[in-house]
């Protein structure tokens with residue numbers, strides 16, 4: 001069990017850094033730093049696809065935790081309770 005949690009945490013950290021970077025780039029695009037709207041939309045779509053691809057690489061438990069935390073806005077305690085996990089696992 002510990003090894004699975006460690007793998008989840010390690011994979012989560014790498015993918016989280018990538019996703020955070022992608023989300024930052026997406027926000028930059030949305031706020032008009034690119035003058036060409038067509039190029040902006042193309043890049044936005046590419047970034048969204050990369051985020052989805054990155055989420056698909058996560059183990060199922062990690063993906064659920066990430067989605068509930070980042071997309072649904074749940075707190076770690078809420079996620080742990082909802083998924084029947086320890087609070088530390090939900091922090092992963």
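Details
- Some residue of the range 53-68 being part of a helix (DSSP H, G or I) and at pLDDT below 85: no
- Test: residue in the range 73-85 that is exposed (fewer than 13 other Cβ atoms within 10 Å of the Cβ) and under 18 Å from residue 17 (Cβ atoms): no
The values are calculated or read from the model by the stated rules, or taken from the named source; none is laboratory data. A quick note: this is a predicted structure, and the numbers were derived from the prediction, not measured. Because the Cβ atoms are built from the backbone with ideal geometry, glycine has one as well, and the counts that use them run over all protein chains shown.
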